[in-house]
Amino acid sequence: MVQRALSAILKTLRIDRGDERVRCLRCGADLGDPETRRGAGLERFTNPDGCVFELIRFDELERVTLCGGYYSEASFYPGYAWASSQCGSCGYFIGWHFRGESDGFFGVTTDAVDIY
């Protein structure tokens, strides 16, 4: 548990430097620029099944596929509907896209991406 938390903190610090890229942890595909990060730091959420997720928010990502439709129930962000998102190269689950009335963003799990 401590190692997982430390890994998430290190990813956040690498993002803060601003000169790295976000990549899929499974296949290494380049998913985008950390400069599009929204907000600071990690956010931790627990879904209704008790699974804990640490998310980093991004306004934009590349090569990401949305799966299925948008759902408003059990959203981590009130006022935003969510759709699952996956790496467009290998299909690995990376998090969700959240859509509000006037904007949207990606919530990416720290377990699914790396910063390089």
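The values are calculated or read from the model by the stated rules, or taken from the named source; none is laboratory data. Since we're looking at a predicted model, the values are computed, not measured. All Cβ positions, even for glycine, are placed from backbone atoms using ideal geometry, and neighbour counts span all protein chains on display.
Taking the condition under 11 Å from the mean Cα position of the chain (by Cα), farther than 20 Å from D103 by Cα and part of a strand (DSSP E or B), does F53 pass? Judged against the criteria, F53 is a match. Filtered by the rule that a residue be part of a strand (DSSP E or B) and on the phi > 0 side of the Ramachandran plot, region 60-105 gives G68, G95.
Among the residues of region 11-69, those that are surrounded by 12 or more Cβ atoms within 10 Å (Cβ to Cβ), among the small types (G, A, S) and modelled with pLDDT of 90 or more comprise G28, A29.
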